[in-house]
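What follows draws every value from the coordinates through simple rules; no lab data is involved. None of the values given here were measured: they were computed from a predicted structure. Every residue, glycine among them, receives a Cβ derived from its backbone with ideal geometry; neighbour counts consider all protein chains shown.
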Amino acid sequence: MEQTAPDRLHEQLIASRVAASKRLSADQQRRITLLALAGVGALLLLLLILSAQYTGRYAGRVYRGVAVAGVEVGGLSRDDAIARLDERVATWATAPVSARTKDGEHTWAIAPQDLGVGLDTAAAADTALAVGRGGNPLGNFSAWFGALTPFGGRDLPIPATLDDGQLDAALRAWAPEATFTPTDAAFKVAADGKLLIVADVNGLGFDFDGSRAALLDHAARLQTAPVTLAQVPVPAPIGAAMLREVEPQARAIAAEPLIVRHNDRTWTLHQTVLASAVAYRLTDGQLVLALDPTPLRPFFDEIGRAVNQPGANAQLAADATGKYAIIPGKEGSGLDEAASLAAIDAALAGGAHEAALTISPQVPAIVAADLVPILARLEKIVGTPVAIRVEGFRTRTLVRADIVPLIRLTETPKGPEKVTIGLDAAGLRALVQLIAAEVNQPVKDAKFAFANGTIEDVEKSQDGREVQFDGTVGALRGAILGATGNASPVIAITKPKVRSADKAAMRTPDVLGIGRTDYSSSIDSRRHNVELAVERLNGTIIPPGEMFSFNAAVGEQTVENGYEEAYGIALVPGVGGGPGQAKTVSSIAGGICQVSTTLFHGVFAAGLPIEQRNWHLFWVGYADSPTGMMGLDATVDDQARLDFQWWNNTGGWIGIEAAANGATVTVKIYGKDPGWDVQIDGPAITNVIEPDPKPVDEKTHDLPVGQKRMIEHAADGFTAAIRRQVFDANGKLVVFEGRGMDTTFKSEYLPSRDRYQIGVPESESLD
């Protein structure tokens with residue numbers, strides 16, 4: 001149908017609108033694209049700006065959110081990160097961690113450092129710094145953003161190593177608890193005597209590589225939780241299937257008894273015992289049946305007792321004259337168990353139950369040829385006389401008859417010499433004892449006595465000699481076995497402290513000091529004690545540099561040593577625990593203090609150093625003699641450890657001359673005058689206390705009834721001080737033991753009173 005003009009116009013209008021609409025849509029799309037591109041560009045610009053700021057902020061430092069083995073290192077420099085990791089590693093490496101088996105039944109504690117664990121914290125710090133610093137900006141941004149999210153933090157491991165040797169040692173130490181070896185399949189005899197197969201059992205062992213990997217992962221994360229060690233089953237080398245292949249042969253072996261023979265004798269092994277011995281061995285990878293010798297032990301022992309013929313070693317023996325010769329040995333024979341067992345195995349493998357035993361000759365361990373060189377040496381030993389020489393004594397010579405009894409021969413089949421030659425230790429010691437009895441002597445100091453101003457011999461000095469047992473035994477053993485012909489005993493010589501030859505130097509031309517006191521009024525027992533002490537003191541000599549002891553010179557103050565009961569001064573406890581008092585009492589050796597006091601006067605005047613001196617509880621009148629003065633006394637009592645001691649520092653010898661004539665005690669000190677000037681000031685008397693004028697009567701059973709004796713005189717108590725200075729020839733104080741000899745002797749005396757003893761009957765109390 002033909003279109004009209006209006007229709008064509010309408011179509012043109014529609015076409016024009018469609019074209020306009022298309023033009024508008026394309027413009028809009030261009031505008032949207034441009035806006036989108038602008039947005040992306042702005043976002044990228046923002047990201048670049050933020051990235052620059054973030055990277056600038058963390059320049060040279062680890063980005064936030066990064067940790068190493070649980071240790072936060074974000075924001076730290078490389079050095080700070082290493083330091084923080086090192087601190088954590090140091091603590092972790094020394095703290096024990098638990099290593100356990102998978103089932104948890106076995107646990108062990110071990111410090112990582114004991115496994116040789118090494119952790120490279122520097123490498124870990126480098127890895128941490130590298131996070132977010134890749135070549136891809138978007139990747140870097142992703143890493144930063146991921147590390148900052150709650151679940152996106154990066155926890156990196158520390159590269160770890162450990163010492164395989166230390167790990168192996170640890171696993172071996174733990175293995176007995178958590179591992180076991182496999183058990184091979186085996187034959188077993190059932191109750192009815194038939195053979196059964198016992199199945200093999202796998203073992204269990206540590207998987208070294210697996211355990212190593214677990215420990216390394218544990219270390220890389222610095223974990224403190226228990227680490228589980230890897231274990232693997234260990235199959236048994238011999239399984240039940242392998243035994244089943246030889247089971248018919250095994251049953252055939254155990255089906256009947258075994259008979260073994262030697263010559264015309266036979267022995268039968270019951271099939272039950274035979275069955276228990278059925279075993280196997282691997283030969284070139286093949287399972288071969290063989291008997292276990294252990295169950296057969298009683299069987300072989302029985303045969304051995306019947307067939308063994310023991311041999312005898314060659315020997316060395318001495319005849320009646322002491323000459324040695326070789327006694328030849330004897331060859332023996334015996335059951336060769338290994339060869340016999342091999343023959344039995346071969347017979348059984350061939351289906352037979354009868355076998356011949358192997359009897360082998362047994363050559364002695366020591367044959368005559370072994371002893372030829374030993375015999376030659378032995379004859380040289382016993383044939384060489386040994387002279388034992390000690391200077392000053394007769395020579396003792398050991399000949400063959402003396403040496404042969406000492407010889408001890410010991411068989412040493414496995415040694416370089418089949419027989420060793422030795423000597424009897426007890427015999428050698430007995431010989432040394434004979435030598436010692438002849439040679440030994442005690443050391444003796446020379447003893448001198450001082451009389452009439454000279455030193456005289458009393459006893460000669462003597463070197464001490466003592467045979468040293470071990471050394472002399474060794475010397476004798478070496479001389480005899482070495483056939484040297486001479487032996488010198490080892491003797492220890494002890495030289496005397498004082499030799500007789502010292503007398504030549506004992507010049508005592510000068511009187512150094514004198515003491516005199518009066519004892520004429522003494523009772524008989526006191527007089528005896530004084531004179532006995534004087535007798536023992538007389539003649540005493542003191543070497544240069546030595547200390548004198550009065551108690552040592554006069555001996556123990558006892559009745560057994562010759563002293564008698566007299567009187568002495570003692571501090572007596574008060575009645576009922578009241579204050580004590582000094583008084584005269586009965587005393588063994590009473591009176592010898594007068595001798596020590598007299599000696600003190602001479603020593604004091606000579607200027608000799610005083611080591612120990614004690615004064616009486618109250619003043620004794622005899623001390624105020626022409627050689628003494630108030631306050632110059634010396635009391636002694638060996639039971640109370642009171643002694644009078646002084647030193648000889650004159651450089652020469654000192655001799656003491658003491659005498660008692662019934663009235664006067666005189667002590668003279670002789671020596672070589674050192675040229676000292678002894679200056680004495682005093683005594684200075686102070687604190688005088690008058691005595692109680694009332695006399696005291698005391699009952700005694702020591703006097704005849706009615707007899708009265710005065711035993712104490714009333715005297716003042718006081719304090720005395722006497723100064724002594726000793727100067728040398730140059731006017732300087734003499735120095736002794738680092739101190740100048742300027743000494744003040746201070747003595748404090750209690751007052752005494754008139755005291756009497758009155759004899760009363762034995763029946764009357766002394767209270």
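Return P(r) of the range 445-528 (all Cα-Cα pairs; 10 Å bins starting at 0; whole %; ordered from short to long distances).
Whole-percent P(r) values from 0 Å outward: 13, 21, 18, 19, 13, 8, 6, 2.
I'd like the distance separating the alpha-carbon centroids of the range 347-364 and the range 153-208, in whole Å.
Distance between centres, Cα-based: 41 Å.
Evaluate the distance, in nm, between pseudo-label points positioned 7 Å from the Cα of ASP168 and of ASP79 along their respective Cα→Cβ axes.
If labels sit at ASP168 and ASP79, their model points lie 4.2 nm apart.
Is the shape of the range 495-551 rounded, prolate or oblate, going by the alpha carbon gyration tensor and its root eigenvalues a ≥ b ≥ c, with a/c under 1.5 for rounded and a/b larger than b/c for prolate? Intermediate results must be reported in sequence, preceding the final value.
Details: a/c = 3.17, a/b = 2.11, b/c = 1.50.
Prolate, since a/c reaches 1.5 and a/b exceeds b/c.
If you wrap a convex hull around the alpha carbons of the chain, what volume per residue comes out, as a whole number of Å³?
Taking only Cα atoms, the chain has a hull volume of 632 Å³ per residue.
Obtain the radius of gyration and the Kirkwood radius of the range 262-301 from its C-alpha atoms and give Rg over Rh.
Working: Rg = 12.7 Å, Rh = 11.7 Å.
Radius of gyration over Kirkwood radius for the range 262-301 works out to 1.09.
For the range 240-364, with the dipole built from +1 on Lys and Arg beta-carbon atoms and -1 on Asp and Glu ones, taken about the Cα centre, which of VAL278, PRO364, ASN313 lies farthest toward the positive end?
ASN313
Need one word for the range 685-767: rounded, prolate or oblate. Basis is the Cα gyration tensor (sqrt eigenvalues a ≥ b ≥ c); a/c below 1.5 gives rounded, then a/b vs b/c decides.
Values: a/c = 5.00, a/b = 2.96, b/c = 1.69.
Prolate is the answer for the range 685-767, as a/c is 1.5 or above and a/b outweighs b/c.
What's the FRET efficiency of ARG641 with GLU748 using the Cβ-Cβ distance as r and R₀ = 30 Å, to the nearest 0.05? Can you show the working numbers first?
Details: r = 20 Å, r/R0 = 0.66.
That gives a FRET efficiency of 0.95.
Using the Cα centre as the reference, give the magnitude of the dipole from point charges on the C-beta atoms of the range 240-364 (Lys, Arg: +1; Asp, Glu: -1; all else neutral), rounded to the nearest 20 debye. All intermediate terms of the calculation are to be shown ahead of the outcome.
On the way: 9 positive and 14 negative charges, 50 e Å.
Dipole of the range 240-364, to the nearest 20 debye: 240 debye.
Using the basic label-point model (7 angstrom from Cα toward the beta carbon), what is the VAL288 to ILE523 distance in nanometres?
About 11.4 nm, to one decimal.
Given the peptides 545-555, 631-641, 733-743, arrange them by the average over their residues of other C-beta atoms within 10 Å, most packed first.
631-641, 545-555, 733-743
Placing +1 at every Lys and Arg Cβ and -1 at every Asp and Glu Cβ, with all other atoms neutral, what dipole size does the range 385-529 have around its Cα centre, in debye to the nearest 20?
Details: 21 positive and 17 negative charges, 36 e Å.
Here the size comes out at about 180 debye.
Between ALA356 and THR33, what length in nm is gained on full extension when 0.36 nm per residue of separation is reduced by their alpha carbon distance?
Values: separation 323, 0.36 × 323 = 116.28 nm, distance 11.16 nm.
Working it through step by step, the gained length comes to 105.1 nm.
Whole number please: convex hull volume per residue, Cα atoms of the range 240-364, in Å³.
137 Å³
With an 8 Å Cα cut-off and a minimum separation of 6 or more residues, compute the relative contact order for the range 240-364 in percent. Mind dumping the intermediate values first?
Details: 193 pairs, mean separation 29.9, N = 125.
That works out to 24 percent.
Among THR627, ALA660, GLY545, whose Cα lies farthest out toward the positive end of the dipole of the chain, if unit charges sit on the beta carbon of Lys, Arg (+1) and Asp, Glu (-1)?
GLY545
Can you pull out the GluC sites (Glu not before Pro) in the range 58-111 whose DSSP state is coil and whose Cβ has at most 15 other Cβ atoms within 10 Å? The partial results should precede the final answer.
Numbers: sites: GLU72, GLU87, GLU105; in loops: GLU105.
Within the range 58-111, the qualifying GluC sites (Glu not before Pro) (loop, at most 15 other Cβ atoms within 10 Å) are GLU105.
Hey, what D do you get for the range 507-759 in µm²/s if you plug the Kirkwood alpha-carbon radius into Stokes-Einstein at 37 °C and 0.692 mPa s?
Values: Rh = 19.1 Å.
Answer from the Stokes-Einstein relation: 172 µm²/s.
Using the Karplus equation 6.51 cos²θ - 1.76 cosθ + 1.60 (θ = phi - 60°), what ³J(HN,Hα) coupling, rounded to whole Hz, does each residue of the range 415-429 give in order, writing x for Gly and Pro?
Each residue's phi maps through the Karplus curve to give x, x, 10, 6, 9, 9, 9, x, 10, 5, 4, 5, x, 5, 5 Hz.
Which value, in debye to the nearest 20, describes the size of the charge dipole of the chain about its Cα centre when Lys and Arg Cβ atoms bear +1, Asp and Glu Cβ atoms bear -1, and nothing else is charged? If you can, show how the numbers build up before the last one.
On the way: 70 positive and 90 negative charges, 541 e Å.
Roughly 2600 debye for the chain.
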